[in-house]
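Undergrad: Quick one: this structure, given as structure tokens, is what I'll be asking you about.
The values are calculated or read from the model by the stated rules, or taken from the named source; none is laboratory data. Since the model is a prediction, treat every value here as computed from it, not as a measurement. Neighbour counts run over all protein chains shown; Cβ positions are idealised from the backbone, glycine included. SASA here: full protein model, heavy atoms, side chains in, ligands and nucleic acids out. Shrake-Rupley method; radii C 1.70, N 1.55, O 1.52, S 1.80 Å.
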Amino acid sequence: MAAFPTAEACDSNAELIANGDLRALHPIFNIYGQRRCFSGPIVTLKVFEDNVLVRNQLETKGEGRVLVIDGGGSKRCALVGGNLGQLAQNNGWAGIVVNGCVRDVDEINDCDVGVRALGSNPLKSSKKGHGEKNVPVYIGGTLIRDGEWLYADSDGILISKTELSV
């Protein structure tokens with residue numbers, strides 16, 4: 001869970017915003033899951049309408065990290081559903097940010113994990129295993145690198161090169 005509001009983080013870190021070390025994603029994401037606020041170090045995936053790598057990553061111990069999935073902004077199918085939301089919760093992931101869609105929204109909303117996505121779509125993705133992990137991704141108007149920190153609450157999503165303190 002985020003230790004402080006994102007608005008407060010912005011107000012307290014004007015220098016980091018000015019030099020680009022703290023960035024806000026465009027306000028394009030819908031809020032899902034029980035955790036309205038979450039934060040943690042980022043793990044990145046780049047996939048397109050294929051969620052095999054998403055499942056593989058969520059099967060690992062999350063240790064409070066946040067999975068950031070660049071699904072190319074596709075709204076033609078879902079990359080995360082209720083089963084993967086439950087897997088994320090069970091394995092200790094703090095949150096998931098999807099540049100794409102989710103499905104099984106009611107199930108995801110029952111999970112103790114924070115989820116942000118562009119929307120929902122009942123169609124499932126393909127299962128070919130294509131994609132890349134731990135690569136820089138461009139989402140919501142900003143470049144996001146594996147190992148950076150994500151902070152999310154009802155006001156929005158921040159990306160920081162380092163862990164923040166207020």
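Undergrad: Could you provide, to the nearest whole Å², the per residue accessible area of the chain with probe 1.4 Å?
TA: With all protein chains present, the chain gives 46 Å² per residue.
Undergrad: Something else: Estimate the FRET efficiency between residue 112 and residue 83 by the formula 1/(1 + (r/R0)^6), using the beta-carbon distance for r and 22 Å for R0, to the nearest 0.05.
TA: For R0 = 22 Å, the calculated efficiency reads 0.90.
Undergrad: Which one, 160, 147, 9, projects farthest toward the positive side of the charge dipole computed for the chain from Cβ point charges (K/R +1, D/E -1)?
TA: Ranked along the dipole, the leading option is 147.
Undergrad: Another question about this same structure. Net charge within 13 Å of residue 7 by Cβ-Cβ distance, Lys/Arg positive one each and Asp/Glu negative one each, not counting residue 7 itself?
TA: -4
Undergrad: Given the chain, what percent of its DSSP beta bridges are antiparallel, to the nearest 5?
TA: 50 percent
Undergrad: Ignoring ligands and nucleic acids, what accessible area does residue 37 show with a 1.4 Å probe (Å², nearest 10)?
TA: Rounded to the nearest 10, that gives 40 Å².
Undergrad: When 1/r is averaged over all different Cα pairs and the result inverted, which Kirkwood radius in Å belongs to segment 25-151?
TA: 13.8 Å
Undergrad: Summing Lys, Arg as +1 and Asp, Glu as -1, what charge do residues with Cβ under 13 Å from the Cβ of residue 95 carry, residue 95 excluded?
TA: Residues close to residue 95 contribute a combined charge of +1.
Undergrad: Where the accessible area of the chain is counted over protein heavy atoms with a 1.4 Å probe, how much of it, in %, is carbon and sulfur? Write down the numbers at each step before the final one.
TA: Working: 3610 of 7590 Å².
Carbon with sulfur: 48 percent of the solvent-accessible area.
Undergrad: Fully extended, how many nm does the chain gain between residue 21 and residue 36 (0.36 nm per residue separation, minus their Cα-Cα distance)? Write down the numbers at each step before the final one.
TA: Details: separation 15, 0.36 × 15 = 5.40 nm, distance 2.38 nm.
3.0 nm is the gain from fully extending residue 21 to residue 36.
Undergrad: In nm, give the distance between the simple-model label positions of residue 165 and residue 124, each being 7 Å from the Cα along the Cα-to-Cβ direction.
TA: Those two pseudo-labels are separated by 4.7 nm.
Undergrad: Placing unit charges on C-beta atoms (Lys and Arg positive, Asp and Glu negative, everything else neutral), compute the dipole magnitude of the chain about its Cα centre in debye, rounded to 20.
TA: Working: 17 positive and 20 negative charges, 132 e Å.
My answer is approximately 640 debye.
Undergrad: Same structure, new question: Among 129, 81, 60, which residue has its Cα furthest toward the positive end of the charge dipole of the chain, with +1 on Lys/Arg Cβ and -1 on Asp/Glu Cβ?
TA: 129
Undergrad: Something else about it: Would you mind counting up the charge near residue 21? Only other residues with Cβ under 15 Å from its Cβ, with Lys and Arg at +1 and Asp and Glu at -1.
TA: Net charge around residue 21: 0.
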